[in-house]
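Accompanying notes for the structure given below.
What follows draws every value from the coordinates through simple rules; no lab data is involved. Remember, it's a predicted structure, so these values are computed and weren't measured experimentally. Please note: Cβ atoms are built from the backbone with ideal geometry, for glycine as well, and neighbour counts cover all protein chains shown.
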Protein chains: 2
Amino acid sequence: MSFKHDLFSQFARVGKALSNGNRLEILEYLAQTERSVDDLAKVSGLSVANTSQHLQQLRQVGLVTSSKIGLKVYYRIAGDDVVNLLKLLREVSERHLADVNQLVNTYLTVKDELEPVAREVLLERVKQGLVTVIDVRPSEEYLAGHLPGAINIPPDELEQRLKDIDSQQEVVAYCRGPHCVYSFNAVQQLRNAGIQASRLEGGFPEWKSAGLPVELTV
Amino acid sequence: MSFKHDLFSQFARVGKALSNGNRLEILEYLAQTERSVDDLAKVSGLSVANTSQHLQQLRQVGLVTSSKIGLKVYYRIAGDDVVNLLKLLREVSERHLADVNQLVNTYLTVKDELEPVAREVLLERVKQGLVTVIDVRPSEEYLAGHLPGAINIPPDELEQRLKDIDSQQEVVAYCRGPHCVYSFNAVQQLRNAGIQASRLEGGFPEWKSAGLPVELTV
DNA sequence: CTAGTATTCAATAGATTAATTGAATACTAG
DNA sequence: CTAGTATTCAATTAATCTATTGAATACTAG
């Protein structure tokens, strides 16, 4: 039965693409917004050549696509199903790998204190004007798409912009995903400043792939 | 930022477990029912030692669990989330890898001719007694759990048992999953015999992980 | 047409992986 | 206690993977 064998080998190619931490990190960046090779090399801290090779592996199994615009080659995630696959990979890892739990509990201390806000719940509260939503990602990622009405405060600017935030209203922060530290740190800082703050469940890619409305800065 | 790096490395461990075709095949068998090591070695065609090593890799990342009963060590899938991860891995592969499409279209010829029956639709029709459901898996797997009211006809027995099937009623066949050839072949054989036949969407593991009712032979 | 930039290619070294083989371990049945 | 069975361990080989380096390619701006 060669068909069965060949088929599983093909599925394994996709698994192999997900078998390297650097590639997973690149995929998370691409889940926020499309990026050029050297842009990705910069944010990931890898060499350009190395980044390029990882991107080609991802492209070969169809997880990302690319196109040349001007001088640069831009890569983007191939579809929402890829975002969902990454989400599920993280969830399975968190559920079944003790090491992940340990890491998460060590670094993301807010985690235990409060359940994150569900997406639909937040959407409802935003419509009613009951909550301030803060996007704690670098501004490039914010500009490429964000939650409706969210204001952008990159991690290193939060300190000085704390006073601009209406301390009477509840604040919900989000960033790249369920394990991105930015929003955890932001919630901590906000609470220290006496503001009622919590985190959104997941991050921007999960929001978008759930089919919820997204705002673009024009 | 070592946390980020460590975390992605952990996720990559799970990806690595999914990066080998033989392991994916083993996981598909375990998604049907728990099995002992040499049982798995037999159905997969691998050596016992090799099978054991693959199983240990799967266990190390928590995708399967094991327990010793009598002389044998039985392995089973760790949870429904793992079944869903495999499902999504297949779907992403099929959607983005041209080679998978080519394989599927070459070997699973019924595929194009008719859309599979949705799970909820089938459940409704079964309740109304409108359809005969055939489980085209080896009897061990059938015995460990099957669709309510389904009768078991292993692939190599279908030929001689064709005459036992009520040719007036519609037949729906299923087996291990969306790419398992048994149900495709069965539909073909049934149609050649003048019986109205179609396939269930997905297979038994997908049915079960969707939370639909499962029947156990006592 | 030329200089400069962005990306990819090619070659390499060190590490990891899959499969094979044979031995070691753990356990059960008699 | 012993023989037999099921599984795991250990060592090996061939193949594959990651990251680095430096060169090659493709393209744009001037």
Original post:
In straight Cα distance, which lysines are under 22 Å from residue A:68, not counting same-chain residues fewer than 8 positions off?
Top reply: A:42
Subject >> Three-way shape call for the protein assembly as shown based on the alpha-carbon gyration tensor, with the a/c threshold at 1.5 >> reply: prolate
**OP:** Express in whole angstrom the spacing between the alpha-carbon centres of segment B:81-120 and segment B:14-75.
**Re:** 23
Original post:
Sorted from shortest, what are the nm distances separating the label point of residue A:98 from equivalent points in the other copies, each placed 7 Å from Cα along Cα to C-beta?
Top reply: 4.7
Subject >> 7 Å along Cα→Cβ, label-point gaps from residue A:210 to other copies, nm, shortest first >> reply: 2.3
Subject >> Charge tally in the Cβ shell below 11 Å around residue B:53, where Lys, Arg are +1 and Asp, Glu are -1, residue B:53 excluded >> reply: +2
**OP:** Enter the mean number of other protein chain beta carbons within 10 Å of the beta carbon of each residue in A:60-71, as an integer.
**Re:** 2
Original post:
Cα-based count: Lys pairs in segment B:70-218 below 29 Å, eight or more positions apart or different chains?
Top reply: 10
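Summing -39500 (n - 2.57) over the DSSP H runs of n ≥ 4 in the protein assembly as shown and dividing by its residue number, what mean residue ellipticity at 222 nm do you reach, to the nearest 500 deg cm²/dmol? Display every interim value, and only then the final one.
Working: 24 runs with 232 residues, N = 436.
Rounded to the nearest 500, it is -15500 deg cm²/dmol.
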Subject >> Among B:193, B:17, B:173: highest mean-square fluctuation, GNM of chain B, C-alpha pairs under 10 Å >> reply: B:193
